[in-house]
Amino acid sequence: MDTTAHLRIDIDRLQHRLADLAAIGAIEGTEGCARLAFTDEDKAGRDLVVAWMRDLGMSVTVDRIGNVVAVMPGETETAPVMCGSHIDTVRTGGRYDGNLGVLAGLEIVETLKTAGITPERPIAVAFFSDEEGARFAPDMLGSLVYVGGMGIEEALDIEGIDGAVVGPELERIGYAGAAPVPGLVPHAFVELHVEQGPVLEVEDITIGAVDGVQGISWTEVTVTGQSNHAGTTPMHLRKDPGYVAAACAAFVRSLADDLGHPQVGTVGRVEFAPNLVNVVPASATFTVDLRNTDEATLQIAEERFHEFLHTTAEAEGCSVETRTLARFEPVIFDPAVVQLVTDTATELGYSVKQMPSGAGHDAQMLARVCPTAMVFTPSVDGLSHNPAEYTAPADLEAGANVLLHTMLALTTISFEEPSDG
Ligand code: GLV
Ligand code: MN
Ligand code: MN
């Protein structure tokens, strides 16, 4: 007899933890928060979550890039079933993005402990460093290093948008841990996350069984021209980086429209120097975020953007430098784990649909080393990376229950080793 089938998480406990964590770096007058990676606010959030992990009797390790992994022992000393996500936020973050996946993990551990259940395998709950990439690119930095996708020395040397460097910032906040990277390979990984888009809400579906993540291409462009007087310089004699940046931003929109769904394109950060009303800028620095579920189309988008950038800058007499901030190909999750999430949601009585993720997630990195999938819950009005991000308590509860039972099932399932050759 399955003695765990009746188990359900406690939504009030989960909501309390979400609120307590959101109080750190709270954005006044909103429900959201700002805890950019490796800032004082990130440190305070980390300290709180680590204290909760210890209160639950979990053993906590911190690795060299500041990823935190907490383990609840199982019946056997085998590789754990891991869940988790991130607790850093963008500057205009909501309280659910990332935080839900980590705190739901703690809620699952508390539910099991309260019921006196020891799972067959250990359960690990992780939060990975700098998932957002908003201060230090690339995004998913901690999980990328965790799976061996970037060497630790390269990661520690990354400079942020404010000139700070990852290594010294990790030391400063006390999270330059000793655990080695790449880290322990889990038996399987499942990440619960808010959808951050409109699909589930529009279709009135409670659970997304996420079958993959679209490819991400981030480029930082710096255009340099000739700074001059805005009143005296005739238009045909200008070398105006501001104009080139603006033309590129408009081009990114028309490029996405032209390639059609699911291509998306965003110019999210623009900085002019000297940024004054009556001065033709000396330089413009801006970022381009292009994403698609299809790698070939994403490459076409990149090529067409670069062609437009160089042609436009040259015609304006400006020079261009580009820097790749992040480049990840689309990821397909393990079909067996995606199906398990789907079946678990159905068994619990929730409507469910298989769907890709538009946002980047730590799960896409873990998928490189172990069977992985994600659970999505609806986002009201599809809003995220916005303090107004909101998911109804009943949906949070549904998502956490699906995570609980998916993880319990994973503690008893064995996966075939990939065969050589
Ligand atoms: C990161 O989380 C992203 O999708 O931008
Ligand atoms: Mn996230
Ligand atoms: Mn995010």
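The values are calculated or read from the model by the stated rules, or taken from the named source; none is laboratory data. Here the structure is a predicted model, which means the values were calculated and not measured. In this analysis, Cβ positions are derived from the backbone assuming ideal geometry, glycine residues included, and neighbour counts consider all displayed protein chains. Note: areas computed on protein heavy atoms with side chains; ligands, DNA, RNA excluded. Shrake-Rupley method; radii C 1.70, N 1.55, O 1.52, S 1.80 Å.
List, in order, the whole-Hz ³J(HN,Hα) value for each residue of the stretch 4-18 obtained from phi through the Karplus relation with A = 6.51, B = -1.76, C = 1.60 and θ = phi - 60°; use x for Gly and Pro.
Per-residue couplings from phi come out as 10, 4, 7, 5, 9, 6, 9, 5, 5, 4, 5, 4, 4, 5, 4 Hz.
Calculate, for the stretch 1-68, the solvent-accessible area per residue in square angstrom, rolling a 1.4 angstrom probe over the heavy atoms of the protein chains. The partial results should precede the final answer.
On the way: 3200 Å² over 68 residues.
I get 47 Å² per residue for the stretch 1-68.
Under 5 Å between amide H atoms, partner at least 5 residues away or on a different chain: which partners does L383 have, H built in plane at 1.01 Å?
For L383, the qualifying residues are Y390.
With the contact rule set at Cα under 8 Å and sequence spacing of 6 or more, what percent relative contact order holds for the stretch 215-328?
Values: 232 pairs, mean separation 52.2, N = 114.
Once normalised by length, the contact order is 46 percent.
With the crude spin-label approximation of a point 7 Å out along Cα→Cβ, what separation in nm comes out for T297 versus N228?
4.3 nm
Roughly to the nearest percent, how much of the accessible area of the stretch 215-328 is carbon and sulfur, given a 1.4 Å probe?
Answer for the stretch 215-328 is 52 percent, counting heavy atoms of protein chains only.
Taking H placed 1.01 Å from N in the peptide plane, check which residues at least 5 places from V194 or on another chain put their amide H under 5 Å from its amide H.
G98, T377
What does the extension gain come out to for I11 and A392, with contour length at 0.36 nm per residue minus their alpha carbon separation?
Contour length minus Cα-Cα distance gives 136.1 nm.
Of all accessible surface on the stretch 81-183 at a 1.4 Å probe, what whole percent is carbon and sulfur?
On the stretch 81-183, the fraction of accessible area on carbon and sulfur atoms equals 47 percent.
Just to compare against my own numbers: the Cα pair-distance distribution for the chain, 20 Å bins, whole % per bin, please.
P(r) over the chain, rounded to whole percents: 26, 55, 17, 2, 0.
For the stretch 76-89, what does the Karplus curve 6.51 cos²θ - 1.76 cosθ + 1.60, with θ = phi - 60°, yield as ³J(HN,Hα) per residue in whole Hz, taken in order and with x for Gly and Pro?
10, 8, 10, 4, x, 7, 10, 10, x, 5, 9, 10, 6, 10
How much accessible surface area, in Å² rounded to 10, belongs to the heavy atoms of D162 with a 1.4 Å probe?
D162 exposes around 90 Å² with every protein chain in place.
Excluding ligands and nucleic acids, what accessible area in Å² is computed for V338 using a 1.4 Å probe, to the nearest 10?
10 Å²
With label points built 7 Å along Cα→Cβ from the Cα atoms of A19 and A179, find their separation and express it in nm.
Result for the modelled spin labels: 3.0 nm.
Relative to the first principal axis of the alpha-carbon coordinates of the chain, what is the inclination of helix 241-259, with its axis defined by its Cα atoms, in degrees from 0 to 90 and to the nearest 10?
50 degrees
How many percent of DSSP beta bridges within the chain run antiparallel, rounded to 5?
Here the share of antiparallel DSSP bridges comes out near 70 percent.
Using a 1.4 Å probe on the protein heavy atoms only, what accessible surface does H16 show? Give it in Å² to the nearest 10.
Around 120 Å² of this residue is reachable by solvent.
Points 7 angstrom from Cα along the Cβ direction at T324 and D2: gap in nanometres?
For T324 paired with D2, the spin-label model returns 4.4 nm.
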